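Just so it is clear, none of the values below were taken in a lab; they were calculated from the coordinates. These figures come from a predicted structure and were not determined experimentally. Methodologically, a virtual Cβ is constructed for each residue, glycine included, from the backbone with ideal geometry; neighbour enumeration extends over all protein chains shown.
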Amino acid sequence: MTEKKINPMLKMALELGPIVVFFIAYLRIRDQSFDIAGTSYDGFIVATAGFVPLLVLTTLILWRLTGKVSKMQIATLILVVVFGGLSVWLNDERFFKMKPTMIYLLFGGALGIGLWRGQSYLKFVMEEMMPLREEGWMLLTKRLTFFFLGLAVLNEIIWRTQTTDTWVYFKTFGLTAAVFIFFMTQGKIFQDYAIEDDNPKN
């Protein structure tokens with residue numbers, strides 16, 4: 001199915017909105033305790049309970065508007081529902097904090113399996129956005145595999161050794177900035193291995 005074009009700002013709001021809402025909600029209620037059905041929940045768990053259905057809703061809206069949701073978005077949504085749901089159900093914030101680890105292990109592992117088979121799964125996902133020669137895709141995939149695995153390790157270190165406040169800031173800003181910086185530093189690959197348009201428009 002061909003993806004329908006929507007306003008880029010709306011698309012960004014739907015993709016990033018849930019994490020921004022989670023961050024703001026956490027800052028506002030992090031020191032509060034909520035008694036629900038005889039069980040006491042802290043602000044982190046309540047913010048997580050709101051984040052999960054909000055992400056489901058925005059993903060559905062994005063799918064209805066564009067007619068397409070990427071496999072990475074689907075995998076992320078499933079892991080958010082599973083680990084976020086476990087955190088709320090068991091009243092244990094550790095499961096939600098482990099979620100980025102699982103996401104990056106999944107992505108890094110999938111790309112690594114592709115490399116082991118001599119293929120770039122990244123190419124299948126991003127070829128239309130960035131046309132590269134096969135060598136470029138393999139090099140970028142190899143770097144991204146190690147990058148994702150590194151983020152998984154880093155998330156484990158942060159949530160196990162730092163405060164919840166530190167982890168929330170890391171998840172909201174640190175991981176997003178890391179991915180942005182990674183692709184910004186791969187400019188030489190895009191230059192050296194770009195596929196030139198043989199039929200430029202006049």
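Tell me what the chain gives for mean residue ellipticity at 222 nm when only DSSP H runs of n ≥ 4 count, each as -39,500 (n - 2.57), the sum divided by the residue total, rounded to 500 deg cm²/dmol.
-24000 deg cm²/dmol
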Peptide ranges 6-14, 57-65 listed from the most packed, as the mean C-beta count within 10 angstrom indicates = 57-65, 6-14
Ranked highest first by average number of other Cβ atoms within 10 Å, how do 34-46, 137-149, 74-86 line up?
-> 137-149, 74-86, 34-46
Could you list which residues have their amide H under 5 Å from that of residue 41, counting only those 5 or more apart in sequence or on another chain, with H placed in the peptide plane?
-> 34, 35, 36
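Quote the relative contact order of segment 13-66 in percent (integer), defining contacts as alpha-carbon pairs under 8 Å separated by 6+ residues.
Result for segment 13-66 is 41 percent.
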What lysines sit close enough to residue 171 to cross-link, taking a C-alpha to C-alpha distance under 19 Å and skipping anything fewer than 8 places away on the same chain?
-> 97, 99
For segment 68-124 and segment 1-61, what is the separation of their Cα centres, given in Å?
-> 18
Tell me, what ³J(HN,Hα) does each residue in segment 15-31 have, in order and in whole Hz, if you take phi through Karplus 6.51 cos²θ - 1.76 cosθ + 1.60 with θ = phi - 60° and put x for Gly and Pro?
-> 7, 9, x, x, 6, 5, 5, 4, 4, 5, 4, 4, 4, 7, 10, 4, 9
Mind listing the phi-derived Karplus ³J(HN,Hα) values for segment 106-121, rounded to whole Hz, using 6.51, -1.76 and 1.60 with θ = phi - 60°, and x for any glycine or proline?
-> 5, 5, x, x, 4, 5, x, 4, x, 4, 4, 8, x, 10, 10, 5
Identify which of the listed values of Kirkwood radius over Cα pairs in Å was calculated from the structure shown: (1) 16.9; (2) 18.2; (3) 18.8.
-> (3)
For residue 132, residues with placed amide H under 5 Å, excluding near neighbours | 195
Pop out the ³J(HN,Hα) list for segment 140-152 in order, Karplus 6.51 cos²θ - 1.76 cosθ + 1.60 with θ = phi - 60°, rounded to Hz; leave Gly and Pro as x.
-> 5, 5, 4, 5, 5, 4, 5, 5, 4, 5, x, 5, 4
